[in-house]
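Participant: Handing you this structure, nothing more for now.
Every number in this text was worked out from the coordinates using simple rules, so none of it is lab data. For clarity, every value in this text was computed on a predicted model and none was experimentally measured. Cβ placement follows ideal geometry from the backbone for every residue including glycine, while neighbour counts extend to all protein chains displayed.
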Amino acid sequence: METNLARDLMPDEEWAFFERFILAVRAPNGRKPTNHRLVLDGIFWIARTGVPWRDLPEEFGKWSSVYRQFRRWTLAGLWEDIMDALNRSGAVPDALQMIDSTVIRAHHQAAGGKRGTPRQGFGRSRASDGKTVHWTVFWTIYHFTTKIHLLVNAHGLPMRTEITPGQTSDYLGFDLVMVDNLPCPRVLLADRGYDADRMRKKMDARDVLTQIPMRKSRKMRVGVDHSLYRLRNLVERCFNKLKNARRVATRYDKTAESFLGFIDITSIRLWFRHLST
């Protein structure tokens, strides 16, 4: 596959941002470090194009070396460290936050990872064709999927992402992303999939105003400020931006760590582009 190398290389300012974190996680001993900047460019190229690692252009170096370095950084928690630093920076308002989820179709080559599919974030989600089928063919239209749970701030930038099997309830995803080490919101927006008394009470205990539409089955009615709730489109737009990276739009990775790593990498680049402009 041909590539315009000049277009795919990150600018000096972006490398200066990543370099500080890379040097912090680099082992003090061992072999002489490779060209980490070029390796990172190769990882960004894989994230953007979604191609197999073996098809990485030679300009970025040997594909196996770039892949091994990606795994080292991922398992060392590099991407999570960068996301934590961005969230703590105070560069973007976080009093208003939004939460949502989306289901990602997994490529058939992503199956077969160790420790079993559920622990790697794979599950089964029903095809969204809107058709009613007989129960005997119910299971035949299920797809191999992963669900991404996302929390964003007032500028629509990712604050935390987690993955679960595709059929996982949003209730579980809520607990995964609404963690105590993140800046606490003053207002939280979510769709009716998060309408549960347990969630509302949990946010009330943290003095957070929730704006969540009611399910039709709810007996005790709860009002919503619709002018405020309209801002929830920021989380939908964030998903659209994340899915511009083909390695996020379709899951090709066998392990949960690698797939979540590509989501975090894409999230970090969204932050950098926003702050740099």
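Participant: If we count every other residue with Cβ under 11 angstrom of residue 15's Cβ, Lys/Arg +1 and Asp/Glu -1, where does the sum land?
Facilitator: Working: positive: 20, 37; negative: 12, 13, 14, 19, 41.
Neighbour charge sum, excluding residue 15 itself: -3.
Participant: Relative contact order of region 29-99: what whole-number percent is it, with Cα pairs under 8 angstrom and at least 6 residues apart?
Facilitator: The normalised contact order for region 29-99 reaches 22 percent.
Participant: I would also like to ask the following. So if each residue of separation counts as 0.36 nm, and I subtract the Cα-Cα distance between residue 59 and residue 243, what length gain in nm does that give?
Facilitator: Details: separation 184, 0.36 × 184 = 66.24 nm, distance 2.55 nm.
My answer for the length gained is 63.7 nm.
Participant: Let me ask something else. For residue 160, which sequence-distant residues (separation of 5 or more, or a different chain) have an amide H within less than 5 Å of its own amide H, given hydrogens modelled in the peptide plane?
Facilitator: 151
Participant: Below 8 Å, C-alpha to C-alpha, sequence gap of six or more: please give me the relative contact order for region 150-277 in percent. Write out the running numbers ahead of the final one.
Facilitator: Numbers: 115 pairs, mean separation 32.8, N = 128.
This gives 26 percent for region 150-277.
Participant: If each of residue 250 and residue 179 carries a label point 7 Å out from its Cα toward its Cβ, how far apart are those two points in nm?
Facilitator: Modelled inter-label distance: 3.1 nm.
Participant: Per 0.36 nm of contour for each residue apart, how much would the distance between residue 91 and residue 221 grow if the chain were fully extended, relative to their Cα-Cα spacing? Please list the in-between numbers first.
Facilitator: Working: separation 130, 0.36 × 130 = 46.80 nm, distance 3.71 nm.
Answer, rounded to one decimal: 43.1 nm.
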